[in-house]
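Just dropping this structure here.
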Amino acid sequence: MSKQIDYTPEEWKTISTAPVLAGLLVSVSDMSGPVGITKEALAVAKAVGESAANKSNELIKAVAESFSASGGKPSLPTLPGDRADIRNNLIETCKLAAAVIAQKSPAEVEEYKRWLVTLAQRTAQASKEGGFLGIGGTRVSDAESAAVNELAAALHVSA
């Protein structure tokens, strides 16, 4: 089982920010307004925090503890201005994090990749999309569902 000390600072930054980026991928796929975005951000933070207690994977626990130690505010990469480019950048960073883990700790990579997809799913379910004043709308929009599926496909895991 790997820990933070097994990775370079740059590798750890990629690995530890990928969970937030998985949630951000869903948020930028279907902008739900300030309240929806806040709910989605809180859903990611809560899910990452709960991972420290609920996962047996030491790497995921270490990432969750690192996230908590940062106050839930990891340093995010600079993102391009175009929404499609942002989505591609977020997915590529998640893939890079998985590749680093696959190289240094192959036994942990599958659970890490599934964890990223689960975080994206929880983000998608955090806020209704559409509707008016909380009435109507759908729990997960088509765009959010597509983002979760795209991330899962990129990581070669099921959504």
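The values are calculated or read from the model by the stated rules, or taken from the named source; none is laboratory data. Since the model is a prediction, treat every value here as computed from it, not as a measurement. Don't worry about glycine lacking a Cβ; one is built from the backbone with ideal geometry, like all the others, and counts go over all protein chains shown.
Identify, please: which residue in region 82-100 is among the basic types (Lys, Arg) and at pLDDT 85 or above and is, among those, surrounded by the fewest Cβ atoms within 10 Å (Cβ to Cβ)?
Top of the filtered list is Lys95.
Quick check: anything in region 67-81 crowded, with 17+ Cβ neighbours inside 10 Å, at pLDDT below 85 and in a helix (DSSP H, G or I)?
Looking through region 67-81, at least one residue is crowded, with 17+ Cβ neighbours inside 10 Å, at pLDDT below 85 and in a helix (DSSP H, G or I).
Just checking, which of Val44, Val63, Val48 is at pLDDT below 80 and either assigned to a helix (DSSP H, G or I) or in contact with a Gly (Cβ under 6 Å, 6 or more places away or on another chain) (or both)?
Only one candidate passes the filter, namely Val44.
Test Ser105 against the stated conditions and say whether it is in contact with a helix residue (DSSP H, G or I) (Cβ under 9 Å, 6 or more places away or on another chain), modelled with pLDDT of 90 or more and polar (S, T, N, Q).
Taking the combined requirement at face value, the residue satisfies it.
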